[in-house]
Amino acid sequence: MGKIVRINRAVAAVVLAALGTAVVELSAPGVATAAPVASGSVNCPIAGSGAFGPQLVATASGTGAAVKVRYSGKSAACTSTAGAGGAVVTIHSASFKAKGVLFDPTTLVAAKSCTSFTGADEIKALKVKITWNATPPIANTIVTYSAGSSPWVSNNAGNDRLNQPATATTTITGSFATAANALINLDSNIVNTCSSTWGPYPTFNFGLVASTLNIF
């Protein structure tokens with residue numbers, strides 16, 4: 001039989017304290033590695049909804065409070081050529097949230113009328129957070145558009161297509177930060193032709209034709 005080694009209580013306490021510290025250090029939060037940053041390209045058909053504040057109306061002038069816009073949506077199917085840390089990344093789907101502010105450069109203020117929205121409003125600032133469902137998991141992407149220089153809206157078969165970047169400055173962080181372009185088009189249910197019955201549009205939907213999220 002092996003020898004029984006006896007130690008006094010003080011020594012035992014020191015040993016147990018050391019063991020407890022080791023266990024705590026091994027199980028401490030923050031040990032897990034963060035999701036890797038992917039690079040490459042991705043394209044997703046998207047659908048979702050959004051809102052304006054204040055709402056868009058037919059008779060409003062191009063003055064007043066700034067027009068805020070927010071939207072969110074998802075894609076059930078993405079195609080990609082992406083990699084992270086030497087591994088090939090497969091992107092199954094994506095979800096996203098966006099919020100920002102529009103303004104009408106012809107009046108130097110944000111506008112909520114049909115004329116301003118469909119013909120003049122530009123992106124002042126718009127930020128989109130994209131969460132990827134991927135194998136292996138990858139970091140989120142943040143796309144920021146700022147200082148647009150052309151109308152946010154174009155006519156798509158009689159409805160408004162909301163163009164991003166609309167020649168705005170584009171900044172990408174997180175996954176796909178090395179990509180040169182992040183183009184997001186929302187084909188909405190907003191009628192492009194102004195009339196006395198246009199709107200109001202407190203909310204809108206998109207995904208009616210070919211709404212896409214494309215990073216490349």
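Values in this text are rule-based calculations from the coordinates and carry no lab data. All figures in this text were calculated on a predicted structure; none of them were measured in a lab. Quick reminder, even Gly has a Cβ in these numbers, built from the backbone with ideal geometry, and neighbours come from all protein chains shown.
With r as the distance between the Cβ atoms of Thr173 and Thr106 and R0 = 30 Å, compute the FRET efficiency 1/(1 + (r/R0)^6) and round to 0.05. Working shown, then result.
Numbers: r = 32 Å, r/R0 = 1.07.
Here the calculated transfer efficiency is 0.40.
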For Lys129, counting only lysines whose alpha-carbon sits under 27 Å away and dropping same-chain residues fewer than eight positions off, the answer is Lys68, Lys74, Lys97, Lys99, Lys112
Expressed in nanometres to one decimal, the distance between label points 7 Å along Cα→Cβ at Ser146 and Asn189 is 3.5 nm
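What relative contact order, as a whole-number percentage, does segment 130-216 give when Cα pairs under 8 Å and 6 or more residues apart are counted? Write out the running numbers ahead of the final one.
Details: 160 pairs, mean separation 22.7, N = 87.
26 percent.
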Between His92 and residues 5 or more places away or on another chain, the pairs with built amide H atoms under 5 Å apart involve Asn133, Ala134, Thr135
Amide H neighbours of Lys112 at under 5 Å, excluding residues fewer than 5 places away on the same chain, with H built from the backbone geometry, are Thr63
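Arrange the peptides 142-151, 112-121 so that the one whose residues have, on average, the most other Cβ atoms within 10 Å appears first.
Details: 142-151: 18.2, 112-121: 23.4.
Averaged packing, sorted descending, gives the order 112-121, 142-151.
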Residues whose modelled amide H sits under 5 Å from the amide H of Asn159, counting only those 5 or more places away in sequence or on another chain, are Asn192
Percent relative contact order for segment 163-209, counting Cα pairs under 8 Å at least six residues apart, stands at 35 percent
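Between Asn214 and Thr81, what length in nm is gained on full extension when 0.36 nm per residue of separation is reduced by their alpha carbon distance? Can you show the working numbers first?
Working: separation 133, 0.36 × 133 = 47.88 nm, distance 1.18 nm.
Extending this stretch completely gives an extra 46.7 nm.
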